[in-house]
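The values are calculated or read from the model by the stated rules, or taken from the named source; none is laboratory data. Source: prediction; values computed, not measured. As a convention, Cβ positions derive from the backbone with ideal geometry for all residues, glycine included, and neighbour counts pool all protein chains shown. Only protein heavy atoms, including side chains, enter the accessible area calculation; ligands, DNA and RNA are left aside. Shrake-Rupley method; radii C 1.70, N 1.55, O 1.52, S 1.80 Å.
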Amino acid sequence: MSHKVRLIPIGIALGFSCVACTGGEGASSAPSSTASSPDQPSGLRDAPEISVSGDPFAELDDARPSAERRAIGELHKGGERLIAYTEGGRCGLLVTRSGNEKGPVLSLDTAMPKSDDQGSSKMPAGPYLKSSATGSGASKPWASMSCGKNAMVIEYSSHGTGNPSKPRGSVSTAEGPEGSHSLFVAVGEEGARKKILSALPPGP
């Protein structure tokens with residue numbers, strides 16, 4: 001179900017404001033009595049695994065085989081496919097071209113903080129450790145990721161055309177201002193995503 005919410009990743013300028021937001025499949029308008037409290041989100045590694053078509057992780061498996069890699073969110077933006085995953089104590093983002101699994105456009109992974117004293121706690125469901133990467137291709141993809149034990153927050157920028165699809169898995173998304181080419185993604189338990197998205201400043 002869609003949610004009119006806003007998203008901002010750790011460390012980016014507060015000037016970014018959302019103009020369209022979407023909740024992941026399976027989201028409900030109100031948490032059930034058995035859902036985790038937003039103040040006590042479940043661990044990111046407990047997020048349900050989703051199936052992904054094709055073999056998007058083939059090159060990652062060749063370079064770094066891992067039995068712990070689990071896809072937990074997916075969406076498409078124009079001709080690009082974004083997959084959020086966990087790998088043990090790490091968060092990951094893989095971007096490929098839709099319908100073409102011959103190598104990633106962008107790959108980024110970040111460690112989860114080992115303790116509450118490590119990383120930034122400016123956003124809900126933290127603390128987070130952050131990294132960024134630039135990808136390949138004419139769309140000039142770029143991403144930053146803030147990785148925590150309870151959630152990850154991604155900013156993705158691409159010059160590729162097309163609106164984001166409805167996400168699958170434990171994901172909520174929000175587009176940046178018109179012309180910014182930015183997409184913001186919160187990944188984790190629904191209560192944690194709501195807390196992250198509600199932390200946005202009001203728009204202009």
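The figures follow:
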read-out: Subset tally (residues that are in a loop (DSSP other than H, G, I, E, B) and not polar (S, T, N, Q)) for the range 156-177; value: 7
read-out: The range 104-114, residues that are at pLDDT 90 or above and open to solvent by 30 Å² or more (accessible area, probe 1.4 Å); value: S107, D109, A111, K114
read-out: Members of the range 40-84 that are without any contact (Cβ under 8 Å) to a residue 40 or more places away in the chain, open to solvent by less than 50 Å² (accessible area, probe 1.4 Å), of a type in the set (A, V, I, L, M) and not in a strand (DSSP E or B); value: V52
read-out: Test for E101: is it at pLDDT 85 or above and charged (D, E, K, R); value: no
read-out: K140 touching a residue at least 12 places away in the same chain (Cβ under 8 Å), on the phi > 0 side of the Ramachandran plot and among the basic types (K, R); value: yes
read-out: Residue match in the range 171-192 (condition: open to solvent by 40 Å² or more (accessible area, probe 1.4 Å), β-branched (V, I, T) and either modelled with pLDDT under 95 or out of contact with any Gly (no Cβ under 9 Å at 6 or more places or on another chain) (or both)); value: no
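Quick grid of which residues meet (1) farther than 15 Å from H76 by Cα; (2) modelled with pLDDT under 85; (3) open to solvent by less than 10 Å² (accessible area, probe 1.4 Å); (4) touching a Cys at 6+ places or on another chain (Cβ under 9 Å):
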| site | (1), (2), (3), (4) |
| --- | --- |
| E87 | yes, no, no, no |
| R90 | yes, no, no, yes |
| L93 | no, no, yes, no |
| S121 | yes, no, no, no |
| G126 | yes, no, no, no |
| P141 | no, no, yes, no |
| I154 | no, no, yes, yes |
| N163 | no, yes, no, no |
